[in-house]
Amino acid sequence: MSEVVPSGKAGLPAANVATASGAVAAQTEPDMKGWLLKWTNYLKGYQKRWFVLSKGVLSYYRAEHGAGANAGGRSAGGKLSIRRRRKGPRAENQAEMTHTCRGTISLHGALIHTVDSCTFVISNGGTQTFHIKAANEVERQSWVTALELAKAKAIRAMESDEEEEDTAANTIPSEELNLVVRELTFRLENLKTCYDLITKHGATLQRALSELESGDDLANKTKIVSERATLFRISSNAMINACSDYLQTAQTQGHKWSKMLQHERDQKLHLEEMVEQLARQHSHLEQAAHRHRPNATASASDDEDNEFYDAQEEGGSVASQEDSSFILKIPVAHHRRNSNDATGSSSEGEEGNSETQQVLVVTDNLDNMDMTDRISVNSSQALTPTLSNNNQSTKVARRRRTRVPDKPNYPLNLWSIIKNCIGKDLSKIPIPVNFNEPLSMLQRLTEDFEYSEILDKAAQCKDTCEQLAYVTAFTISSYSTTSNRTGKPFNPLLGETYECDRTDDLGWRCINEQVSHHPPMAAQYCEGRGWRCWQEFTMTSKFRGKYIQIVPLGYAHVEFPATGNKFTWRKVTTTVHNIIVGKLWVDNHGDMEIYGEKSAKGVKCHLKYLPYSYFTRDTQRRVKGVVMDNSNQVKWVINGTWDSKIEIAPVTSTSGSAENPVYKTGNYKTAWSRRLPPTDCDKYYNFTILACQLNEPEPNVAPTDSRLRPDQRLMEDGKWNESNGEKLRLEEKQRARRREREAEAEKAAAEGRPYPPYEPVWFSKQQDEGTDSLVHVFKGTYWDAKTKQDWSKCPDIF
């Protein structure tokens, strides 16, 4: 049902020379095309579509387009039909293909998964996912091989395009430059001609002078010498004139180009000054607006799109009547994660229900709020894990460090680095370690478990909705360190790992691995006291000039084996502001939905992270939400700030209409309260105590562990220049390994054999429970390998 189109001149008769139209036709031929079945939705299931793979893009069309296109490939019955070559484009021209195209997906950065013998999945990490089924295993493998090759070519093409973009800004207009070069070349040729004439006539004049000394026929020889001297003088004058012309032309053009170059430099400096001045003025306006914020009578909608400004001081409580009562808009229909939504939404699925329901939450009794709050805080402090297990009672917890070396003061112009990177993906920007923090992204993900005692408390809950309320507080606590941490973590290398075994004091252990490079993806698995948590983390990021926006992709899960309850969520958007001028600050905003699975199916929580804005009476950095049971009745209320504390309260009564219900709550209790970092933490990257311990050297870890990464270790030791050199070496080593894999894949494809893609060491691709998407699942072999110190499977990445 599919047809591989040969490249180059393979399709032309061997005895003939390719014509211009034939060459054009060969260039426009797709890499592969044919009939496949594509998943559309639960009502229609798999539908027949015509797929075309060309120039790193996979497109598909409805059946009416494929009917014409099928003439060149296999027929619907599977028999191979004769393919007729035409001069010029085929009947289905580009305009028709563009008009009837139902969807496309770029293979650069795409993930290609094989589900079974006939089914495979293509996803770009968040926005598009194609679930495709072939007629048989041979056809599926042909498509997968062609897609992998097209992906490798697309990556190489994008990298070469970026290199061309870096030099394009300094390129002189070619047409004008060619004119100058041609004129100077012409003048130089005149100089060479004059030089040849002077040499020739000079030699003749010298011979004539030599003959004059002999004394015979003096008058005739004098005449000859006079003629030779005249020719020499004429040639010399021509040489002088040619030199003057060349010098004048060179001076004229040189002065012209110098003026143009100086003008461009002045314009560049002027533009930079304008940008900095505008950013400075903007910062002053933000500060002025902060000093004159509207009072509580001003109103603002929860759904307004507001610009974000300088952040207020940390802290803030919600223990007031105004903040304890709020209005929240929640989706009417429960979010159902299906096969298409697991890694993004299908381009052909039905649009989701965007209807919302407005609910009002009020506090029934606020008199005992302070007392309840104090009791809850003390309980939260008591939840800090201790060695209560009899088997561990004699085990002494390891003494760990509480800080890292101070951050050195290396002046660096940020604008000089980022001004040419506006609009690019953050992972594509070559940023020196001066803007990093001495932790990798794998270690930064491990910081999510800094407040793991909340999950310990959740594991003890008998009520599913209360358990979900504590899980919600745990998901919010992972953002607490972002309020003052503006350093960029190191991008992990492919195959890099990080383990964190804190069973002796905190009661959990975690393993992370970088499982993909294009797109960058990390897999994590953590197990604690009565719970286990895992996630696949990838993200999209864009630099927009004044701010960087990071949109996490992939899902996180927590499961409680004692009850069989499982909860799943996706993180919200993070934005870093004041990139050019002013103090960097971070805001987290967006909607988060946490929904139950297995025994907790039907239970869900809807959270809203309010964006920072001066024009609102809400507490800044506020988070509010509700926990609903499987009948969509609100049972618990979530309220607080993501940088300070989260309070939860049970719903005691319900009133109002079904469309606009009013929920009354009991007293709030603190489910999470932030532990403030040391007062001098600004000297060492604003690290918390746990963050200081993440990169502490530890024996017997895997050779791919982030603690052993040389550039990161040099940065922590304050040797930033050496760290930058090591960073470049490691990145080039990783690129060399990728080129080797691409070359092996192309060789395998040329020989007609499948080439296995990269496989992680400690995680494997398995079908996600409840969907047909593939996710990375922990194999469970890491800790045994550590006990045996068997690291034979680990690649050499450092």
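The values are calculated or read from the model by the stated rules, or taken from the named source; none is laboratory data. Remember, it's a predicted structure, so these values are computed and weren't measured experimentally. Reconstructed Cβ throughout: ideal geometry from the backbone, glycine too, with neighbour counts over all protein chains shown. When the accessible area is computed, the model is the full protein with side chains, heavy atoms only, and any ligands, DNA or RNA have been set aside. Shrake-Rupley method; radii C 1.70, N 1.55, O 1.52, S 1.80 Å.
Count of region 572-631 residues, restricted to those that are among the basic types (Lys, Arg), free of Cβ contacts under 8 Å to residues at least 60 places away in the same chain and not in a loop (DSSP other than H, G, I, E, B), is 1.
Has region 569-576 got any residue that is under 30 Å from residue 152 (Cβ atoms) and either among the hydroxyl-bearing types (Ser, Thr, Tyr) or more than 20 Å from the chain's Cα centre (by Cα) (or both)? Taking every residue of region 569-576 in turn, none turns out to be under 30 Å from residue 152 (Cβ atoms) and either among the hydroxyl-bearing types (Ser, Thr, Tyr) or more than 20 Å from the chain's Cα centre (by Cα) (or both). Here is the figure for region 608-666: residues that are in contact with a helix residue (DSSP H, G or I) (Cβ under 6 Å, 6 or more places away or on another chain), aromatic (Phe, Trp, Tyr) and over 14 Å from residue 464 (Cα atoms) total 2. Taken together, the criteria place residue 636 among residues that are outside the structural domain of residue 275 (by the TED database), of a type in the set (A, V, I, L, M, F, W, C) and within 25 Å of residue 660 (Cβ to Cβ). Just one residue in the set 703, 760, 697, 754 is without any contact (Cβ under 8 Å) to a residue 60 or more places away in the chain and either more than 17 Å from residue 522 (Cβ to Cβ) or in a loop (DSSP other than H, G, I, E, B) (or both); that residue is 697. Against the criterion of being exposed (fewer than 14 other Cβ atoms within 10 Å of the Cβ), assigned by the TED database to the domain that holds residue 521 and at pLDDT below 85, residue 753 qualifies.
Residue-level analysis places residue 566 outside the set of residues that are within 18 Å of the chain's Cα centre (by Cα), among the basic types (Lys, Arg), closer than 28 Å to residue 640 by Cβ and surrounded by fewer than 22 Cβ atoms within 10 Å (Cβ to Cβ). Restricting region 638-652 to residues that are assigned to a strand (DSSP E or B) and more than 13 Å from residue 667 (Cα to Cα), the residue that is most open to solvent (accessible area, probe 1.4 Å) is 645. Would it be correct to say that residue 748 is closer than 22 Å to residue 498 by Cα, surrounded by 15 or more Cβ atoms within 10 Å (Cβ to Cβ) and of a type in the set (Gly, Ala, Ser)? It is false that residue 748 is closer than 22 Å to residue 498 by Cα, surrounded by 15 or more Cβ atoms within 10 Å (Cβ to Cβ) and of a type in the set (Gly, Ala, Ser). Of the residues making up region 546-605, those that are under 30 Å from residue 527 (Cβ atoms) and of a type in the set (Gly, Ala, Ser) are 554, 556, 562, 564, 590, 596, 599, 600, 602.
Is it the case that residue 253 is touching a residue at least 60 places away in the same chain (Cβ under 8 Å) and of a type outside the set (A, V, I, L, M)? Answer is yes for this residue. Restricted to strands (runs of 3 or more DSSP E) entirely inside region 451-532, those with at least 2 residues that are more than 23 Å from residue 692 (Cβ to Cβ) and modelled with pLDDT under 95 are 508-517, 520-527.
Applying the set (1) more than 30 Å from the chain's Cα centre (by Cα); (2) under 30 Å from residue 783 (Cβ atoms); (3) among the aliphatic types (A, V, I, L, M) to residue 691 leaves exactly one unmet item: (1). Against the numbered list (1) touching a helix residue (DSSP H, G or I) at 6+ places or on another chain (Cβ under 9 Å); (2) part of a helix (DSSP H, G or I), residue 744 comes up short only at (1). Evaluation of residue 679 against the conditions (1) free of Cβ contacts under 8 Å to residues at least 40 places away in the same chain; (2) more than 22 Å from residue 451 (Cβ to Cβ); (3) part of a loop (DSSP other than H, G, I, E, B) shows that the sole unmet condition is (2).
Scan region 765-798 for residues that are among the small types (Gly, Ala, Ser) and exposed (fewer than 15 other Cβ atoms within 10 Å of the Cβ) and the total you get is 2.
Taking region 104-148 as the region of interest, the strands (runs of 3 or more DSSP E) fully inside it that hold 3 or more residues being within 13 Å of residue 36 (Cβ to Cβ) and either open to solvent by 20 Å² or more (accessible area, probe 1.4 Å) or in contact with a helix residue (DSSP H, G or I) (Cβ under 8 Å, 6 or more places away or on another chain) (or both) are 119-123. From the list 717, 682, 618, 705, the one residue that fits, being out of contact with any Lys or Arg (no Cβ under 8 Å at 6 or more places or on another chain), in the same structural domain as residue 497 (by the TED database) and modelled with pLDDT of 95 or more, is 705.
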